[in-house]
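First up is the structure itself, then whatever we jot down about it.
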Amino acid sequence: MLDPKNFKKASDPIIDWIDNYLKNIAEYPVKSKVKPGDIYGQIPSEAPEESETMEEIIKDLEEVILPGISHWQHPNFHAYFPANSSVESVLAEFVTSAIGAQCMIWDTSPSAAELEQRMMEWLRAAMGMPDSFDGVIQDSASSASLVALITAREVATGFKSNEEGVPGNLRVYCSTETHSSIEKAVGVCGIGKRNLVKVEVDKQMRMNPAILERQILADLEKGLVPCAVVAAIGTTGTVAVDPLSEIADICKKFDIWLHVDAAFAGSALLLPEYRWMIEGIEQADSFVFNPHKWLFTNFDCSVYFVKNARLLIKTFEILPEYLKTSSRGMVNDYRDWGVPLGRRFRALKLWFVLRSFGLRGLREKLQEHIRLNEYFCTEVQKIPGIELALEPFLNFSCFKFNPDGREDPEKLNPLNEQVLKMLNERGRIFLTHTRIGGFHTLRMIIGQTYVEQHHVDLALEEIITVCDGLR
Ligand SMILES: *Cc1c(COP(=O)(O)O)cnc(C)c1O
């Protein structure tokens, strides 16, 4: 075991390793090229009986582990959504793990609870969220949405289903484009996946509120109980923004819990020019967004805002004898605000990031990514045969290669599958895809913390090279 008195000496090689990693990150192939089992086969089948040195461990980190890493902090990581980090966030994680606090209740580390409360207020104000919402940090948007649906379930059943089990007649509504975490949550919380109603979207992939209302009426007619609607602000496939205020009016009319999933796009609310996305939010019941996606705070850190925290607490509180404290009721005991009892001190990294960047620094970074996306879209359309598949939005765009004007997706898709495969195999950039109107389209996100214009130029060069080779 390493001696904590020698922390500085023991950490020097690790600090050097991280320093080198971050300096050279753009040189790595973005996406790992290993095959299934490659890494597993290189790791001994049993733990060592005797102590090994840090030098040996770091050597294997470099030689065994690194080849199997896809570099999410690589500036040419344009796949999925980013899971971006920052130096501030990494440093805060050092401190968090050194302190190693279990922050289940206020009593187990008052600073963790009170800093979390303040950070939620800072973000709420910075994003233009109404003061009527309280916030709590969850591990992921999936957990936050599960928490929202469990609370909605309790509200819809008069707080009986925790006790007696879930009736089979509750209904949840979302669009066909909603993230898979909602389907998972509906199953896990006992409402049942067959009670999830997927509402059709318009051409811009946004939920159609008229169809939502029709579905609700049809369900009421059948004696079913509408329990929750999930609106997406920035869907995962195409960053579509559901019409929140129309959806909110419908939820109000039928008294249905409205949960808003802004996991990725929520960060853009720091920019006042994007606040239109949450027009009507004061009528919503809960809202989630992930600083661990596009707010430079490394995984995991998901912010859950809820309008009536009493309903949340009533749903999740437990009170075993050993957790009874005299401060109860005067403070936030966050174990009552979600599923797990144990909690990491996640507020600390938000505090580091918000202070070190400053709100202006954060806004400038977001604006720069949006500008780079506009630049990318202008340039990519100059490549013969490249078409944008949707209007670009925020730092997202999607495009396809259609050199001879094919109109049948079946005829064009193999070509675009080929383009994507070749781009990713070359290793200099990493993109993923989505389907739009049957077409296989390439999806480009410019949200990595360290991305600059020359990286976008590199992506453009790569696309030109690959397309030229396929003409
Ligand atoms: C990424 C994403 C999620 C899931 O986020 P996790 O934090 O990984 O659970 C949910 N909804 C949307 C819209 C997303 O983009």
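Throughout, read-outs are computed from the coordinates displayed, never taken from laboratory work. Model, not experiment: these values are computed from the prediction. Cβ sites come from the backbone with ideal geometry, for glycine too, and all protein chains shown count toward neighbours.
Which whole-number percent gives the relative contact order of the range 94-352, counting Cα pairs below 8 Å spaced six or more residues apart?
Dividing the mean separation by the residue count of the range 94-352 yields 28 percent.
Please report the relative contact order for the range 81-191, taking Cα pairs under 8 Å with a sequence separation of at least 6, and give it as a percent rounded to a whole number.
18
For the peptides 120-128, 239-247, what is the packing order when you average, over each peptide's residues, the other Cβ atoms within 10 Å and list the highest mean first?
Result, highest mean first: 239-247, 120-128.
Roughly how many debye, to the nearest 20, is the charge dipole of the chain about its Cα centre, given +1 on each Lys and Arg Cβ, -1 on each Asp and Glu Cβ, and no other charges?
Dipole magnitude for the chain comes out near 880 debye.
Could you give the spread of the C-alpha atoms of the range 2-89 along their three principal axes, from largest to smallest, in whole angstroms?
Dimensions of the range 2-89 along the principal axes of its Cα atoms: 42, 34, 20 Å.
For the range 237-263 and the range 403-471, what is the separation of their Cα centres, given in Å?
Cα centroid of the range 237-263 versus Cα centroid of the range 403-471: 32 Å apart.
Determine the shape class of the chain: with a ≥ b ≥ c the square roots of the Cα gyration tensor eigenvalues, call it rounded for a/c under 1.5, and otherwise prolate if a/b is greater than b/c, oblate otherwise.
Because a/c hits 1.5 or more and a/b fails to exceed b/c, the chain counts as oblate.
State, as an integer percentage, the relative contact order of the chain based on alpha-carbon contacts under 8 Å between residues 6 or more apart.
Value for the chain: 21 percent.
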